[in-house]
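Data first, discussion second: the structure below is written as structure tokens.
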Amino acid sequence: MTELEKGPRGLRRGRGARERILGASSQLFREQGINTTGMDQLCAVAEVSKRTLYQHFSGKDELIAEHLRRFDPNILPEVFDRTDLTPRERLLAAFEIHAPLCPFIAAAVEIQDPDHPARVYAAEYKRAFAARLTEAAREAGAADPEQLGEQLALLLDGASARSRVLNTDAFSTAAGIAAVLIDDALSGR
């Protein structure tokens, strides 16, 4: 970056500030958590002034909610609308696609206010994801698709939490357990 691309205080000029802010929030929220990430730090990593940040977001609450909305906009169609996979394969694919640490769980744990926009969005996302698992279980012919959908949602959330706490990949183990649950549900056991 040349000096002409920077403003008087060394901050970046021009377009892309909103995306830089969202990129910085994604990085910092993932690495150190929502509550420990400060606005000054976000501005420094995004290379924007506080004024610029507040021109794009009314506050940290709005930034957190937008971070969650943008984290995963295509995961539901990416997994569940694939016509090249059988319904069983789509259920298992959720464990591959969902492997990144789940920011929805992190937000719900860190934000105590049940009416906070990010927490409300996290709950909506989790319900929608479980509903899609249930629908795929129904398409696969599960004896009790609601139960299988909830089991798989719980397994995914548990793998995400375990991965976050232990800084390890629990999704491959969870996928093995999911295969057993799916096969049992499809055989009518």
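The values are calculated or read from the model by the stated rules, or taken from the named source; none is laboratory data. What you are looking at is a predicted structure, and each value in this text was computed from that prediction instead of being measured. Reconstructed Cβ throughout: ideal geometry from the backbone, glycine too, with neighbour counts over all protein chains shown.
So which residues in segment 158-174 are farther than 19 Å from K126 by Cβ and small (G, A, S)?
Residue satisfying the conditions is S172 alone.
Quick one: which helices (runs of 4 or more DSSP H) lie wholly within segment 3-104 and hold at least 3 residues that are among the acidic types (D, E) and modelled with pLDDT of 90 or more?
So the answer is none; nothing clears 3.
Consider R119 carefully, then state whether it is buried (at least 16 other Cβ atoms within 10 Å of the Cβ), assigned to a helix (DSSP H, G or I) and without any contact (Cβ under 8 Å) to a residue 24 or more places away in the chain.
Judged against the criteria, R119 is a match.
Could you count how many residues in segment 117-145 are of a type in the set (A, V, I, L, M), within 15 Å of the chain's Cα centre (by Cα) and under 20 Å from F95 (Cα atoms)?
So the count comes out to 4.
Just checking, does segment 144-159 include any residue being in a loop (DSSP other than H, G, I, E, B) and at pLDDT 95 or above?
Scanning segment 144-159, I find at least one residue that is in a loop (DSSP other than H, G, I, E, B) and at pLDDT 95 or above, so the answer is yes.
Select from segment 105-116 the residues that are assigned to a loop (DSSP other than H, G, I, E, B) and touching a Lys or Arg at 6+ places or on another chain (Cβ under 8 Å) and write down the one among them that is surrounded by the most Cβ atoms within 10 Å (Cβ to Cβ).
Only one residue tops the list, namely I111.
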